[in-house]
Amino acid sequence: MEENIKVIKGASIPEREEIIVDFARWLETASQDALVYGEGRFAVMSANMAQAIRINADELARDNPETTERVLQQACAMISKFKAAYPHRVLSRSVH
(Lines give C-alpha, C1' and ligand atoms only; values in the text may rest on other atoms or scores of the structure.)
Protein backbone atom coordinates (compact mmCIF):
# COMPACT_ATOMS: atom_id res chain seq x y z
CA MET A 1 0.00 0.00 0.00
CA GLU A 2 2.74 2.44 0.90
CA GLU A 3 4.35 1.88 -2.51
CA ASN A 4 1.16 3.09 -4.18
CA ILE A 5 1.23 6.29 -2.16
CA LYS A 6 4.77 7.04 -3.34
CA VAL A 7 3.84 6.37 -6.98
CA ILE A 8 0.86 8.74 -6.94
CA LYS A 9 2.93 11.87 -7.66
CA GLY A 10 4.24 10.54 -10.95
CA ALA A 11 1.06 8.79 -12.07
CA SER A 12 -1.38 10.03 -14.68
CA ILE A 13 -4.89 11.07 -13.64
CA PRO A 14 -6.52 7.73 -14.64
CA GLU A 15 -3.78 5.81 -12.82
CA ARG A 16 -4.24 7.99 -9.73
CA GLU A 17 -7.96 7.37 -9.78
CA GLU A 18 -7.38 3.62 -10.01
CA ILE A 19 -5.01 3.72 -7.02
CA ILE A 20 -7.50 5.79 -5.04
CA VAL A 21 -10.33 3.34 -5.77
CA ASP A 22 -8.04 0.46 -4.73
CA PHE A 23 -7.60 2.12 -1.33
CA ALA A 24 -11.38 2.43 -1.03
CA ARG A 25 -11.69 -1.31 -1.74
CA TRP A 26 -9.06 -2.13 0.89
CA LEU A 27 -10.91 -0.01 3.44
CA GLU A 28 -14.18 -1.77 2.59
CA THR A 29 -12.50 -5.14 3.08
CA ALA A 30 -11.08 -3.97 6.43
CA SER A 31 -14.57 -2.79 7.38
CA GLN A 32 -16.07 -6.21 6.63
CA ASP A 33 -13.30 -7.94 8.56
CA ALA A 34 -13.86 -5.60 11.50
CA LEU A 35 -17.51 -6.64 11.63
CA VAL A 36 -16.43 -10.28 11.83
CA TYR A 37 -14.22 -9.43 14.81
CA GLY A 38 -16.95 -7.40 16.48
CA GLU A 39 -15.27 -4.04 15.95
CA GLY A 40 -18.36 -2.07 14.96
CA ARG A 41 -16.86 1.40 15.43
CA PHE A 42 -13.87 0.61 13.25
CA ALA A 43 -16.15 -1.01 10.66
CA VAL A 44 -18.29 2.11 10.43
CA MET A 45 -15.30 4.47 10.28
CA SER A 46 -13.62 2.39 7.55
CA ALA A 47 -16.81 2.08 5.52
CA ASN A 48 -17.45 5.84 5.75
CA MET A 49 -13.89 6.68 4.76
CA ALA A 50 -14.07 4.22 1.85
CA GLN A 51 -17.32 5.78 0.67
CA ALA A 52 -15.91 9.31 0.90
CA ILE A 53 -12.78 8.30 -1.01
CA ARG A 54 -14.79 6.48 -3.69
CA ILE A 55 -17.19 9.41 -4.16
CA ASN A 56 -14.34 11.91 -4.42
CA ALA A 57 -11.92 9.70 -6.38
CA ASP A 58 -12.19 11.83 -9.52
CA GLU A 59 -11.53 15.06 -7.60
CA LEU A 60 -8.68 13.52 -5.64
CA ALA A 61 -7.09 12.23 -8.84
CA ARG A 62 -7.18 15.70 -10.40
CA ASP A 63 -6.34 17.57 -7.18
CA ASN A 64 -2.93 18.40 -5.79
CA PRO A 65 -0.98 15.12 -5.38
CA GLU A 66 0.09 16.11 -1.86
CA THR A 67 -3.55 16.30 -0.76
CA THR A 68 -4.28 12.92 -2.28
CA GLU A 69 -1.16 11.50 -0.66
CA ARG A 70 -2.32 12.74 2.76
CA VAL A 71 -5.77 11.15 2.35
CA LEU A 72 -4.25 7.84 1.29
CA GLN A 73 -1.80 7.92 4.20
CA GLN A 74 -4.75 8.30 6.58
CA ALA A 75 -6.48 5.33 4.94
CA CYS A 76 -3.28 3.31 5.13
CA ALA A 77 -2.89 4.18 8.82
CA MET A 78 -6.42 2.96 9.55
CA ILE A 79 -5.84 -0.32 7.75
CA SER A 80 -2.46 -0.80 9.42
CA LYS A 81 -3.93 -0.14 12.85
CA PHE A 82 -6.58 -2.81 12.30
CA LYS A 83 -4.05 -5.30 10.92
CA ALA A 84 -1.83 -4.73 13.98
CA ALA A 85 -4.74 -5.49 16.32
CA TYR A 86 -5.91 -8.52 14.30
CA PRO A 87 -2.93 -9.93 12.37
CA HIS A 88 -4.69 -13.16 11.37
CA ARG A 89 -7.36 -12.58 8.78
CA VAL A 90 -10.54 -14.65 8.81
CA LEU A 91 -10.67 -16.74 5.65
CA SER A 92 -14.31 -17.78 5.83
CA ARG A 93 -17.33 -15.81 6.95
CA SER A 94 -19.87 -18.59 6.55
CA VAL A 95 -22.37 -19.13 9.33
CA HIS A 96 -23.63 -22.62 10.07
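When Val71, Val44, Val7 are checked against the criterion of being modelled with pLDDT of 90 or more, surrounded by fewer than 16 Cβ atoms within 10 Å (Cβ to Cβ) and either part of a helix (DSSP H, G or I) or among the basic types (Lys, Arg) (or both), a single residue qualifies: Val44. In the stretch 1-17, the residues that are hydrophobic (A, V, I, L, M, F, W, C) form Cβ pairs under 9 Å with partners that are open to solvent by 80 Å² or more (accessible area, probe 1.4 Å) and part of a helix (DSSP H, G or I), at six or more places apart or across chains, as follows: Met1/Trp26; Ile5/Gln73; Val7/Glu15; Ile8/Glu15; Ala11/Glu18; Ile13/Arg62. Summed over the stretch 10-29, residues that are aliphatic (A, V, I, L, M) and open to solvent by 10 Å² or more (accessible area, probe 1.4 Å) total 4.
The values are calculated or read from the model by the stated rules, or taken from the named source; none is laboratory data. Source: prediction; values computed, not measured. Don't worry about glycine lacking a Cβ; one is built from the backbone with ideal geometry, like all the others, and counts go over all protein chains shown. Ligands, DNA and RNA are excluded from the accessible area calculation, which covers all protein heavy atoms including side chains. Shrake-Rupley method; radii C 1.70, N 1.55, O 1.52, S 1.80 Å.
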